[in-house]
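See below for the structure under consideration.
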Amino acid sequence: MLSIESKVQKILRENPEIWKTESAYFSYLRGCIRLSWVKNPVKLKLLNKRKKQIPNPNYGKPRNTKKTVMGATCEICLKDYPMKFIQVDHITGGNYSLRSVDDIQGFFESICIVTEGELRLVCLDCHGCLTYAAKEGVSFEEAKVIKYVISLDKENKVVDKLNELAVSCIPTTKIKRKALLLEILLKDLEDNDV
């Protein structure tokens, strides 16, 4: 009987037209496991248990005649959002890397073998910040600031924000302006924490 490592190598040798690299194969496996997360019964039970009627944020706009919609409360920012803006987050960090055979079991367990108490409902923005914070090793608050600056940069509004903050000497390059704004906002965050 082949070890899992040997079996993966055999699969790759026999199917080079499907998976050109080992990385492509593990990307495929990640997708398969994440697909099972979509229909995880514990996750779905939590969503059903926590959903509730909330005021429709789009009420009165064209084709929005319902005063309420199904939604839930984000457990981080404590605001209500329609269900399409709510995601289920794993509270405790796990092995969310799947780049080798050694990662398979941990990845599968982290994604699929969870109890309701290990999950929480969060809005898209908070989930993005939580994910960024975990990936980059920064606090949730720092991740919020970084993602805010990234969004301003994408909208070409970094200069506007620097002007709003009354910065007298705005750098000439986009990269330096973004770095300066990030520095100012992170310093402000640090000063407010003290």
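Scanning the range 94-133 for residues that are free of Cβ contacts under 8 Å to residues at least 60 places away in the same chain and among the small types (G, A, S), which turns out farthest from I76 (Cα to Cα)?
Once the filter is applied, the top-ranked residue is G106.
For the range 43-96, name all the residues that are open to solvent by less than 60 Å² (accessible area, probe 1.4 Å), part of a loop (DSSP other than H, G, I, E, B) and within 20 Å of S139 (Cα to Cα).
C74, I76, C77, G94, N95 - these are the residues of the range 43-96 that are open to solvent by less than 60 Å² (accessible area, probe 1.4 Å), part of a loop (DSSP other than H, G, I, E, B) and within 20 Å of S139 (Cα to Cα).
I'd like to check something: does the range 53-76 contain any residue that is closer than 30 Å to Y25 by Cα and touching a Lys or Arg at 6+ places or on another chain (Cβ under 8 Å)?
The answer is no, given that none of the residues of the range 53-76 is closer than 30 Å to Y25 by Cα and touching a Lys or Arg at 6+ places or on another chain (Cβ under 8 Å).
Restricting to the range 8-42, give me the number of residues that are under 18 Å from L119 (Cα atoms) and either assigned to a helix (DSSP H, G or I) or of a type in the set (F, W, Y) (or both).
Total satisfying the criteria: 8.
Table: residues versus (1) closer than 25 Å to S110 by Cα; (2) touching a strand residue (DSSP E or B) at 6+ places or on another chain (Cβ under 9 Å); (3) β-branched (V, I, T); (4) in contact (Cβ under 8 Å) with a residue 12 or more places away in the chain.
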| site | (1), (2), (3), (4) |
| --- | --- |
| F26 | yes, no, no, yes |
| K43 | yes, yes, no, yes |
| R50 | yes, yes, no, yes |
| T65 | no, no, yes, no |
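If a residue has to be basic (K, R) and surrounded by fewer than 12 Cβ atoms within 10 Å (Cβ to Cβ) to count, how many in the range 6-42 make the cut?
4
Would you mind stating whether E136 is without any contact (Cβ under 8 Å) to a residue 12 or more places away in the chain and over 29 Å from L47 (Cα atoms)?
No; evaluated as a whole, the condition is false for this residue.
The values are calculated or read from the model by the stated rules, or taken from the named source; none is laboratory data. For clarity, every value in this text was computed on a predicted model and none was experimentally measured. Neighbour counts are summed over all protein chains in view; Cβ atoms, including those assigned to glycine, are modelled from backbone coordinates with ideal geometry. Heads up: the accessible areas ignore ligands, DNA and RNA and are worked out on the full protein's heavy atoms, side chains in. Shrake-Rupley method; radii C 1.70, N 1.55, O 1.52, S 1.80 Å.
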